[in-house]
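First the structure, in the form of structure tokens, and then the observations on it.
The values are calculated or read from the model by the stated rules, or taken from the named source; none is laboratory data. If you're wondering where the values come from, they're calculated on a predicted model, not measured in any experiment. We place every Cβ from the backbone using ideal geometry, glycine too, and count neighbours over all the protein chains shown.
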2 protein chains.
Amino acid sequence: MTRDAILEAAAQIFRQKGYHAASMQDIADAVKLQKASLYHHVNSKQEILLALLDRALDLLIERMEEVLALDLPPEEKLRRAILVYLQTMLEQRDLSAVLLLEYRSLDPKCRQQHIQRRDQYEALWRKLLSEGAEQGIFAVSDIPLICRFLLGVMNWTVTWYREDGPLTPAQLAHQCANLFLLGLKKRLGEDDRGDRDN
Amino acid sequence: MTRDAILEAAAQIFRQKGYHAASMQDIADAVKLQKASLYHHVNSKQEILLALLDRALDLLIERMEEVLALDLPPEEKLRRAILVYLQTMLEQRDLSAVLLLEYRSLDPKCRQQHIQRRDQYEALWRKLLSEGAEQGIFAVSDIPLICRFLLGVMNWTVTWYREDGPLTPAQLAHQCANLFLLGLKKRLGEDDRGDRDN
DNA sequence: CCTAATCTACCGAACGGTCGGTAGATTAAG
DNA sequence: CTTAATCTACCGACCGTTCGGTAGATTAGG
């Protein structure tokens, strides 16, 4: 029995039940150990959560930096980033769901560190968008907002996507990219400040 | 002390900690009662969660039906629906967060009922979109997908929106509507099946 | 080669603490 | 006096974690 196997099982159970509803007993059962034995490989339940969150962010950051390093026009780079993000999230559903939903269960000290790292990751997306804006390809005044919209769409797919559904992750990514690129690509006469109503 | 006050306090605590991490003791402290006294107003912790989820859905369904009943062109109706949804979610953050994140903690029997009702609500959005499609205003082949994208963007705002931030809910709604209407409004020569790459 | 020492992986039992929930006495309101 | 609301006191179950100990593989010394 390896530490990795325990983490993997924990991710699955955390995703199904949530961190607090999942017990060490559940995890032990999943890997066919006594729960005391888990503590030979792992120091605490919190440590498991922390390891999963780190692992998830590591994966996303690594792949995002690969995409950023590509020599592509902004539009294609954005398409690629969306594809890679969705593929990663949907192929690692357990890890993704923990990343998106369970970081709240970190105790405050670790949570702060984690949020900081997550913000660094989001900064990579903002960087990608501002590259496109600087080159005059994207017409977007509020990059942080568009960035949150985009990540919102993609993150939410984790909650509803079914592998046995009609769409592959690649098709999903294509649709998602279409939607945003239509809204992003420069066209004339857009006002994008919404301070008229209310 | 009223049942409503207990539910309200519970919503706040469920939002902060999540259902399982929140204890009846926490709720009792928040309303300055002994834990046992809660059970005079409420039968169980599960019942509190169920009541909150019902209340949230009731509110959303009611307001969405009001919007659907308006006599407006599809584009304006969609803008209105987005505005009302975001305002409701952001003005009832506690309730919204519980709706979006904690329904997983319902025991299976109630969860199934709840999901069914939530699907009915989503059907209202699909109806709004297909009205626009039938009238030839919206160019959208996969309505359920666009619907999930849209709800995804809006739902995710609940996780990051700050009242002390730069945007009012109305401005947020305007930006969101702009993004989707750019992608939705009919234009020529779009292929929207993404089965090319991978 | 033998054996003693060390290490890895695991176990059963138990700990202090908290959980959701209950019973029954006590108080407040009409 | 009645009844609704709140209290104190308690329950069994389960929580994450620790402890002492064991089987078996690995290493070290002669």
Check off (1) surrounded by fewer than 17 Cβ atoms within 10 Å (Cβ to Cβ); (2) part of a helix (DSSP H, G or I); (3) within 8 Å of DNA strand C (Cβ to nearest atom) for B:ALA5 and give me the number that stays unchecked.
(3)
Filtered residues of the range A:15-37 (kept if within 26 Å of B:ALA22 (Cα to Cα), part of a loop (DSSP other than H, G, I, E, B), out of contact with any Gly (no Cβ under 9 Å at 6 or more places or on another chain) and within 12 Å of DNA strand C (Cβ to nearest atom))
A:SER23
Let me confirm something: among B:PHE138, B:PHE180, which residue is crowded, with 22+ Cβ neighbours inside 10 Å and either among the β-branched types (Val, Ile, Thr) or facing chain A (nearest Cβ under 8 Å) (or both)?
B:PHE180
Residue list for the range A:1-55, filter: near DNA strand D (Cβ under 8 Å from one of its atoms) and within 14 Å of chain B (Cβ to nearest Cβ):
A:HIS20, A:ALA22, A:SER23, A:ASP26, A:LYS45, A:GLN46
Qualifying position, being acidic (Asp, Glu), more than 15 Å from A:ALA11 (Cβ to Cβ) and surrounded by 14 or more Cβ atoms within 10 Å (Cβ to Cβ), among A:GLU75, A:GLU62, A:GLU66:
A:GLU75
Within the range A:141-151, can you find the residues that are surrounded by fewer than 22 Cβ atoms within 10 Å (Cβ to Cβ) and at the interface with chain B (Cβ under 10 Å from one of its Cβ atoms)?
A:SER141, A:ASP142, A:PRO144, A:LEU145, A:LEU151
In the range B:38-79, which residues are in a helix (DSSP H, G or I), more than 19 Å from B:ARG118 (Cβ to Cβ) and acidic (Asp, Glu)?
B:GLU75, B:GLU76
Screening A:ALA56, A:ALA81 for residues that are under 29 Å from A:MET1 (Cβ atoms) and under 15 Å from the mean Cα position of the chain (by Cα) leaves only A:ALA56
Which of (1) in the same structural domain as A:ARG162 (by TED's automatic domain parsing); (2) over 28 Å from A:LEU179 (Cβ atoms); (3) more than 11 Å from DNA strand D (Cβ to nearest atom) is the odd one out, the single condition A:ALA81 does not satisfy?
(2)
Test set (1) free of Cβ contacts under 8 Å to residues at least 24 places away in the same chain; (2) touching a Lys or Arg at 6+ places or on another chain (Cβ under 6 Å); (3) not aliphatic (A, V, I, L, M) - B:ASP94 fails condition number:
(1)
Exactly one of (1) within 16 Å of DNA strand C (Cβ to nearest atom); (2) among the β-branched types (Val, Ile, Thr); (3) part of a helix (DSSP H, G or I); (4) in contact with a Lys or Arg (Cβ under 7 Å, 6 or more places away or on another chain) is unmet by B:THR88. Its number?
(1)
If you go through the range B:70-83 one residue at a time, do you hit one that is touching a residue at least 12 places away in the same chain (Cβ under 8 Å) and within 16 Å of DNA strand C (Cβ to nearest atom)?
no
